[in-house]
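Here is the structure we will look at, set down as structure tokens.
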Amino acid sequence: MLVGGLPWLSFGAVLCLGEEFEGGECVWKDGLEGLVASAEFRDRVYQVEHRYYPGALEIGIRTELDGVETRVFRKMADSNRGLFKVIVDGKPTTDRIKNSGEIPEVSKMTPIIVNTMQDADPSVGRIADTIARHLGIRPNINMYTSPPHSVGLTAHHDPQDVFVIQVSGSKTWLVCDPIGPGRSLPTRVSDDPSHDLYYRYSTKDLEGATCREYELNIGDILYMPRGTIHAPATHKNSSVHLTVGIDGDFTWGDFFKGVARSGGFEKPRESLSTLFTCLPQRDLNRLVPHLPLWDTQNNRITLQQAQLEFSKGVENLGWGKCPLETRERLLRECLGVVGKVVDLMLKLQVNSRSRKPKFWT
């Protein structure tokens, strides 16, 4: 296993962090739930670097997922037709599938994407619930089916962290460490090639990038933070995989805007300008801890306990470039209204969830 692009070695042997060494590679033995619940994942991997976990998915979940594509293809209807997309020339389009009867034939010729799978099939919904219990974010999950010898989406990065879960067959992934703006954990993308947030890459763009190739087989999991470049393809086998998107609601940049909105800063415009100048962009784009918000809404912890977690998070940001006096003032102002900001976030989450449309019945 590679961590940060270089082997982790200990006296000539691979050092598995939270995993067991088996057959020449590190193998995670505690399943998906054990993975996302582990301190090793949260502290060393989440929003930090990509990591490959061969065979990590529990046998029980693999069994539940068997045939999921067939079950969901049958559910295509007028209300959800827009969730079924065909990949053409490396990009998704919605104009190639008219009804569910066409899907089996189309899927033999070209990759198909089905969106919001967490609401389409109970087995996928349970995966979403597992992620939510430990990260505080109920993910958006898409399914990708690919025939043999097909190219999926061309090299690109995503504006959300993702877990790739191989359901059936196999798929090869080219994965490259972030370059350019991708290094700052981008939360938005642009289709305009001239824009700083453009997220697609040519072969020339990747010259000199640190890349690795992984072949995912049934039960393998690949985690990639935002900005990680990837390009999948099938060879002799067909493939079904799930992309589990960790779409968080708030970044630390959003938190500081909440401080201004809550009256924490004596000079809001000046303070925000200072913060967005002296804090690393990667820290500003990092997701706030969502689990305290989730646990508060589900009555697992108190609002005061959630506030404490946010206070710790603020203090642990990269304040090194901020002048000491400025840093102390900004920290004091932020911590003075952290309760109000957490309460504001909770209200915004409730309002947002009440407006989400339902496509699957």
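Name the aspartates and glutamates eligible as straight-distance cross-link partners of residue 204: C-alpha to C-alpha under 17 Å, and not fewer than 8 places from it in the same chain.
Correct list for residue 204: 177.
Can you pull the semi-axes for the stretch 94-252, root of five times each eigenvalue of the Cα gyration tensor, sorted largest first, whole Å?
24, 21, 16
Sort 260-266, 121-127 by packing, meaning the average of other beta carbons within 10 Å per residue, with the highest value first.
121-127, 260-266
Could you tell me, in Å, what Rg and Dmax come out for the Cα atoms of the stretch 176-301?
Rg then Dmax for the stretch 176-301, in Å: 18.9, 63.
Would you kindly derive the ³J(HN,Hα) couplings of the stretch 45-56 from the backbone phi angles with the Karplus curve 6.51 cos²θ - 1.76 cosθ + 1.60 (θ = phi - 60°), listing them in order in whole Hz, with x for Gly and Pro?
With coefficients 6.51, -1.76 and 1.60, one gets 10, 4, 6, 10, 7, 6, 8, 9, 10, x, x, 6 Hz.
Which of the pairs 91/356; 85/236; 108/358; 108/236; 171/236; 257/347 have their Cα atoms more than 19 Å apart in this structure?
Pairs exceeding the cut-off: 91/356; 85/236; 108/358.
What number, in percent, do you get for the relative contact order of the chain if the mean sequence gap of Cα pairs under 8 Å and at least 6 apart is divided by its residue count?
Computed value for the chain: 17 percent relative contact order.
Calculate for the chain the 222 nm mean residue ellipticity that helices alone would give, adding -39,500 (n - 2.57) per DSSP H run of length 4 or more and normalising by residue count, nearest 500 deg cm²/dmol.
Helix contribution divided over all residues of the chain: -9000 deg cm²/dmol.
Sort 182-190, 155-163 by the packing proxy (mean of other Cβ within 10 Å over each peptide's residues), most packed first.
Going from most to least packed, we get 155-163, 182-190.
Taking the Cα centroid of the stretch 210-277 and of the stretch 94-150, what is the distance between the two, rounded to the nearest whole Å?
When both Cα centres are located, 20 Å separates them.
For the chain, max minus min Cα coordinate along each principal axis, in Å, sorted largest first?
64, 56, 44
Find the percent of Cα-Cα distances in the stretch 217-285 that exceed 17 Å, and round it to a whole number.
61 percent
Using a 10 Å cut-off on Cβ atoms, rank the peptides 292-300, 133-141, 310-318 from the highest mean neighbour count down.
Highest mean packing first, the order is 133-141, 292-300, 310-318.
As an exercise, use a Förster radius of 56 Å and the Cβ-Cβ distance of residue 356 and residue 108 to find the FRET efficiency, rounded to the nearest 0.05.
The pair residue 356/residue 108 has a calculated efficiency of 0.95.
Quick one: 3J(HN,Hα) in Hz for the stretch 166-171, Karplus 6.51/-1.76/1.60 with θ = phi - 60°, rounded, Gly and Pro as x.
7, 8, 8, x, 8, 8
Report, to one decimal in Å, the Kirkwood hydrodynamic radius for the stretch 240-361 based on all distinct Cα pairs.
15.6 Å
How large is ³J(HN,Hα) for each residue in the stretch 221-236, as worked out from phi by the Karplus curve 6.51 cos²θ - 1.76 cosθ + 1.60 (θ = phi - 60°), to whole Hz, x for Gly and Pro?
Per residue, the Karplus-derived 3J(HN,Hα) values read 10, 10, 9, 9, x, 3, x, 6, 7, 8, 8, x, 7, 9, 10, 7 Hz.
Give the relative contact order (percent, whole number) for the stretch 234-361; include only Cα pairs under 8 Å separated by 6+ residues.
32 percent
In square angstrom, what is the accessible area per residue of the chain with a 1.4 angstrom probe?
48 Å²
The values are calculated or read from the model by the stated rules, or taken from the named source; none is laboratory data. As the structure is a prediction and not an experimental result, all values here were calculated from the model. Virtual Cβ from ideal backbone geometry, glycine too; neighbours counted across all protein chains shown. Surface areas here come from the heavy atoms of the whole protein model, side chains and all, with no ligands, DNA or RNA. Shrake-Rupley method; radii C 1.70, N 1.55, O 1.52, S 1.80 Å.
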